[in-house]
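Down below is the structure, laid out as structure tokens.
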Amino acid sequence: MRTLCVFLLVAICSSWVFCKPTVEKKDRVHHSKDLSDHHHDDSQDFQYDHEAFLGKEESKTFDQLTPEESKERLGKIVDKIDKDKDGFITQVELKEWITHTQNRYIYENVNKHWADYDENKDDKIAWEEYKKTTYGYGAGEEEFYDVQDKDTYRKMMKRDERRFKHADKDGDLIATREEFTAFLHPEEFDYMKDIVVTETVEDIDKNGDGVVDVDEYIGDMYSPDGDEPEPDWVKTERKQFLEFRDLNKDGKMDRTEISHWILPHDYDHADIESKHLIYESDKDKDDKLTKKEILENWNMFVGSQATNYGEDLTRRHDEF
């Protein structure tokens, strides 16, 4: 019996048995991240902009470099942002970069485990490679012949395969680094949001009618322990369901309402910040930036200090 499969089944069973609030109570809701803990006040300093552009951890090492070093390395970063190499940084490219810096931990996690799945070392991961590494069965082998609860594992693998295919934009069942990142972290990608909603419905909708009623909603977070009275937080969640989750007041959440719940339409920090940086640096007002315009306003991007660009530039950026 394969160790990984045992671990996965134990984890699943544990979530069924415990009578306390589950981790999923908070993890189901995916809020967009703020870009900095600092107030955005450019009249005082550009700390918010620095952390937005570079990421919070990288911005901590700003003052290790001289202004000359900062400008030089900022120029190299600009070359990375200019994905189509046309000499201009558009708002879309800048937004993608800001989003990338905020999600760097995700890409680093993918990179850390990439070699475990990429068996043939072609810098791509095929579905068969992922399936063999995760479940232990290669193409042509009888799957789960040595597992007692075959149906549970088959459902898990089918769910993985469906998500893999959804992440695989060109449909070749071979994931690039970006596609594999979307597979592992679907909540971070717009084109994966539908599969996130689908999986949430499957997890919570116990009667299989395709919607989530209040009892199913509460049941996903809490199971009563005998005859104990319902805790106050559960009563509050019931009220939340009736007043804020069930938007059309029909007693249940459909897919649209579930999407509003788990993927709230928050303020798009990366979009606003990218527009702000362009507005402040775009001298000729053509709604895009040249490297010259960015370097002339380098204080806003990296300040009188700079980040640890040496580390940043040695990282792989092909996942971006």
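The values are calculated or read from the model by the stated rules, or taken from the named source; none is laboratory data. Quick caveat, the model's predicted, so the values are computed rather than measured. Methodologically, a virtual Cβ is constructed for each residue, glycine included, from the backbone with ideal geometry; neighbour enumeration extends over all protein chains shown. Accessible surface is based on the protein model in full, side chains and every heavy atom, while ligands, DNA and RNA are left aside. Shrake-Rupley method; radii C 1.70, N 1.55, O 1.52, S 1.80 Å.
Odds and ends about this structure:
- Any hit, segment 219-226, residues being farther than 22 Å from ARG162 by Cα, out of contact with any Ser or Thr (no Cβ under 9 Å at 6 or more places or on another chain) and among the small types (Gly, Ala, Ser): yes
- GLU243 being open to solvent by less than 60 Å² (accessible area, probe 1.4 Å) and free of Cβ contacts under 8 Å to residues at least 60 places away in the same chain: no
- Filter result for TYR135 (within 11 Å of PHE180 (Cβ to Cβ) and in contact (Cβ under 8 Å) with a residue 24 or more places away in the chain): no
- Of all residues in segment 175-190, those satisfying the criterion of being part of a loop (DSSP other than H, G, I, E, B) and within 10 Å of the chain's Cα centre (by Cα) are HIS185, PHE189.
- If you go through segment 93-107 and keep only what is touching a residue at least 60 places away in the same chain (Cβ under 8 Å) and open to solvent by 40 Å² or more (accessible area, probe 1.4 Å), you end up with LYS95, GLU96, THR99.
- Of all residues in segment 105-125, those satisfying the criterion of being under 30 Å from LEU295 (Cβ atoms) and in contact with an Asp or Glu (Cβ under 8 Å, 6 or more places away or on another chain) are ILE106, TYR107, ASN111.
- Residues being in a loop (DSSP other than H, G, I, E, B), touching an Asp or Glu at 6+ places or on another chain (Cβ under 9 Å), more than 30 Å from PHE46 (Cβ to Cβ) and among the polar types (S, T, N, Q) are represented in segment 233-254 by at least one member.
- For segment 137-174, a residue qualifies if it is buried (at least 18 other Cβ atoms within 10 Å of the Cβ) and outside any helix (DSSP H, G or I), and the qualifying residues are TYR137, PHE144, VAL147, ASP168.
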